[in-house]
Amino acid sequence: MSDPLFDVSGRVAVVTGGMGQLGTVYATGLLERGMRVAIFDVEPGEAPEGVRALEVDVTDRSAVEMAVHAVEEKWGVPHLLVNNAALDSPPDAPAEEVGAFETYPEESFDAVMDVNVKGTFLCCQVVGGAMARAGRGSIVNVSSIYGLLSPVQDLYAFRRERGETFVKPVAYSVSKSAILNLTRYLATYWAGSGVRVNTLTLGGVYSDQPREFLDAYVERVPMRRMLDAPEALGAVVFLASDASSYVTGANIVVDGGWSAW
Ligand SMILES: NC(=O)c1ccc[n+]([C@@H]2O[C@H](COP(=O)([O-])OP(=O)(O)OC[C@H]3O[C@@H](n4cnc5c(N)ncnc54)[C@H](O)[C@@H]3O)[C@@H](O)[C@H]2O)c1
């Protein structure tokens, strides 16, 4: 039985960074629920079947405009935008990126802010603007527990004990904090235009991390485990559907209780 409260079928979704670990979950999950899904990614590659993948760098306003135009021509103005594309320093990042705060490279700071903040801002301008003109829409801006709170540097102590220099870098946290107030700003700005804007804050997603990291991480989570990627979908479906018709400017925290104590 389909529940009209959560029914998103026939609606149009844009998922940025849709080729990544979580983006794939959103794209396939929304498609399975009857949405028309377009992915904007710098590496569109082999998109899940049925999903329209467009090569878009979210930091390039004209590329975003062209892609949105292509989506609108085929399917009309999107009902949902998931601003999911982001850069984070991978575990094997160059030493200077995971070294002391005092020497964190300016270029790395700019690169992360460019994708995570400016990319989200530009997609909100272009897609959100079209939604506002259409008088409806829902935007989900993705943040992280590392944007809500500081990273716990102790989680990475095992790397330092191995003799590596490792500090979880600053730029990702700063960028993910900015998302929270971009959301609030736009929620109030577009409240009268029928466009709802919310943040989805996620805890760390399980992806075969080293045992020492997993042990230290789960120790700090009331639910004693990391997020399983498919568990991030429920909040997106909720925010895409009429079940969230009075929800705007909110921060939906999916973190297993990480921020509760
Ligand atoms: N994985 C986690 O533990 C975790 C935890 C909390 C929040 N998040 C957030 O969830 C989101 C997705 O994370 P993920 O783990 O799936 O990341 P991921 O690295 O697997 O995917 C990110 C995707 O964004 C794309 N991308 C990068 N730069 C881009 C650009 N300029 N334009 C368009 N696309 C670009 C990449 O090609 C990639 O497909 C991010 O916003 C991240 O901050 C992730």
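Order the following by accessible area, largest value first: Lys74, Lys168. Probe radius 1.4 Å; ligands, DNA and RNA are ignored. List each step's numbers first, then the result.
Details: Lys74 130, Lys168 25 Å².
So the residues, ranked largest to smallest area, are Lys74, Lys168.
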For the chain, what does -39500 (n - 2.57) per DSSP helix run (n ≥ 4), summed and divided by total residues, give at 222 nm, in deg cm²/dmol to the nearest 500?
-> -10000 deg cm²/dmol
Among Met226, Val247, Val236 - extreme Cα towards positive end, dipole of region 197-250, charges at beta-carbon | Val247
Excluding ligands and nucleic acids, what accessible area in Å² is computed for Leu31 using a 1.4 Å probe, to the nearest 10?
-> 50
Let me know the shape class of region 128-222, please: from the alpha-carbon gyration tensor, a ≥ b ≥ c as square roots of the eigenvalues, rounded when a/c is under 1.5, otherwise prolate if a/b is greater than b/c, or oblate.
-> prolate
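Protein chains only, probe 1.4 Å: how do Trp75, Trp258 rank by accessible area, largest first? Could you put the intermediate results ahead of the total?
Working: Trp75 55, Trp258 15 Å².
Accessible-area ranking of Trp75, Trp258, largest first: Trp75, Trp258.
About its Cα centre, how strong a charge dipole does region 49-138 have in debye, to the nearest 20, once Lys and Arg get +1 and Asp and Glu get -1 at the Cβ?
Numbers: 6 positive and 16 negative charges, 181 e Å.
Dipole magnitude for region 49-138 comes out near 880 debye.
Counting Lys and Arg as +1 and Asp and Glu as -1, each charge on the Cβ, what is the dipole of region 1-160 about the Cα centre in debye, to the nearest 20?
On the way: 11 positive and 23 negative charges, 172 e Å.
Its charge dipole is roughly 820 debye.
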Roughly how many Å² is the accessible area per residue of region 91-181, as a whole number, for a 1.4 Å probe?
-> 45
Could you state how much accessible area Arg196 has, in square angstrom rounded to the nearest 10, with a 1.4 Å probe and all protein chains kept in place?
-> 30
With label points set 7 Å from each Cα along the Cα-to-Cβ direction at Asp7 and Ala111, the distance between them in nm comes to 4.7
Rounded FRET efficiency, nearest 0.05, which uses the C-beta distance separating Arg160 from Val247 and R0 of 51 Å = 0.80
Quick one: with all protein chains in place, what share of the accessible area of the chain is carbon or sulfur, to the nearest percent (1.4 Å probe)?
-> 53
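Extension gain Glu32-Arg220, at 0.36 nm per residue separation less the Cα-Cα distance, in nm?
Numbers: separation 188, 0.36 × 188 = 67.68 nm, distance 3.40 nm.
Contour length minus Cα-Cα distance gives 64.3 nm.
The values are calculated or read from the model by the stated rules, or taken from the named source; none is laboratory data. These figures come from a predicted structure and were not determined experimentally. Cβ atoms come from the backbone with ideal geometry, glycine included; neighbour counts cover every protein chain shown. Heavy atoms of the whole protein, side chains included, go into the accessibility calculation; ligands, DNA and RNA do not. Shrake-Rupley method; radii C 1.70, N 1.55, O 1.52, S 1.80 Å.
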